[in-house]
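The values are calculated or read from the model by the stated rules, or taken from the named source; none is laboratory data. In this text the structure is predicted, and so the values were computed from the model without any measurement. All Cβ positions, even for glycine, are placed from backbone atoms using ideal geometry, and neighbour counts span all protein chains on display.
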Amino acid sequence: MVQLPERMQTRFTELVGVRYPIVQGGLAHLSFAELAAAVSNAGGLGQIGCACFQTPQELQENIQKARRLTNKPFGVNFPIGHIPLEPFLDAALEEKPAVISITGGNPEKLLKRIQQSGVMVKTMVLVAGVRAAKKAEALGADAVIAVGFEGGGHLGRDDIGTMVLTPRVIESVRIPVLASGGIADGRGLAAALALGADGVELGTRFVAVQESNAHPHYQQALIEAQETDTLIIERAIGRPARALKGTRVEQILQVEKEMEQDALPAEERVQRLLPYIRGSVNVRAALAGALDEGFVWAGQVTGLIHDIPTTRELIERMVSEAYAITRRIQATFEI
């Protein structure tokens with residue numbers, strides 16, 4: 001293995017004070033203190049996911065736990081959805097994490113609440129297009145994460161791949177940009193940097209690490225799956241998301257097809273689909289391991305996942321691989 005660089009210098013590592021520009025996504029039901037701290041201790045930026053908790057107090061206690069597990073910067077992720085996030089955000093701000101990230105919707109209300117709180121915290125917004133990136137910058141976000149069509153979980157509606165989306169966002173904003181979607185190793189990190197990104201965010205790859213609380217059945221399914229083994233669900237309700245193929249995913253797609261044929265209005269579509277996509281169904285598969293009774297999120301990087309390393313092994317391997325790749329590329333220009 002190539003010698004590991006002590007630090008990678010990008011606008012993102014300078015912004016949040018981490019060694020490597022590698023961010024762990026806010027994985028629903030999976031991003032607890034243990035995983036976040038492991039990522040941060042290994043030199044990246046770990047994140048605790050608000051979606052993992054039922055009450056603001058539970059979130060606050062988990063942030064406190066993470067601080068006992070690491071003295072490095074970490075973040076808290078807020079996915080915009082069906083529940084009010086303001087009480088959870090206020091609880092997080094009391095703990096003053098290094099970063100707060102916002103995903104899945106219009107970040108304006110949450111960004112304004114953060115700014116009005118007076119708490120010194122860096123903010124990141126997940127975007128899937130140039131327009132959303134420009135809006136996030138205008139609202140005062142410190143960085144954006146450009147998620148391409150390859151990614152797992154909820155995506156944008158325009159089906160733009162990471163290779164095109166990343167440079168488009170970079171040339172449209174002045175703040176740091178992270179690339180996300182289709183990245184699982186040092187090759188993806190090197191490619192993102194070559195595109196002009198200031199770092200990367202990984203979701204699916206961090207499910208299959210030893211510090212993850214994902215059920216072994218979920219992790220093994222990621223290892224066995226190919227890049228063709230994911231499907232897009234929730235298009236019928238305007239919230240496309242990528243999940244691993246399975247019995248429940250096929251049921252969801254069938255229900256969506258029937259809703260399209262029946263021309264149901266938007267609100268009725270949500271209510272009809274909700275029993276199939278609610279968080280408890282995801283938990284049944286992701287945490288209890290009953291893959292045939294629920295569904296799990298996964299990006300196309302399933303084709304690149306072949307083992308379950310420790311978080312530190314994964315991050316150091318990524319950095320080492322990216323370093324070797326950049327040296328090899330540099331050599332091709334030497335005469």
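Odds and ends about this structure:
- Looking at the stretch 119-219, the helices (runs of 4 or more DSSP H) lying wholly inside it that each contain 2 or more residues that are of a type in the set (Lys, Arg) sit at 130-138.
- Checking the stated criteria, Arg248 turns out not to satisfy the condition of being in the same structural domain as Ala285 (by TED's automatic domain parsing), in a loop (DSSP other than H, G, I, E, B) and basic (Lys, Arg).
- Boolean, Glu313 is assigned to a loop (DSSP other than H, G, I, E, B) and either surrounded by 20 or more Cβ atoms within 10 Å (Cβ to Cβ) or of a type outside the set (Lys, Arg) (or both): no
- Candidates Arg235, Arg242 - the one that is among the charged types (D, E, K, R) and crowded, with 20+ Cβ neighbours inside 10 Å: Arg242
- For the stretch 195-232, the candidate set comprises residues that are in contact with a helix residue (DSSP H, G or I) (Cβ under 9 Å, 6 or more places away or on another chain) and without any contact (Cβ under 8 Å) to a residue 40 or more places away in the chain; within that set, the residue that is surrounded by the fewest Cβ atoms within 10 Å (Cβ to Cβ) is Glu224.
- Residues in the stretch 219-259 that are closer than 18 Å to Ala208 by Cα and among the acidic types (Asp, Glu): Glu224, Glu227, Asp229.
- Scanning the stretch 34-64 for residues that are closer than 10 Å to Gly75 by Cα and not in a helix (DSSP H, G or I) turns up Leu45, Gly46, Gln47, Ile48, Gly49.
- Screening the stretch 278-296 for residues that are more than 18 Å from the chain's Cα centre (by Cα) and outside any loop (DSSP other than H, G, I, E, B) and picking the one that is surrounded by the most Cβ atoms within 10 Å (Cβ to Cβ) gives Ala285.
- Taking each residue of the stretch 88-101 that is of a type in the set (Lys, Arg) and looking for partners that are in a loop (DSSP other than H, G, I, E, B) and surrounded by fewer than 22 Cβ atoms within 10 Å (Cβ to Cβ) with beta-carbon atoms closer than 8 Å, six or more apart or interchain, yields Lys96/Val119; Lys96/Met120; Lys96/Val121.
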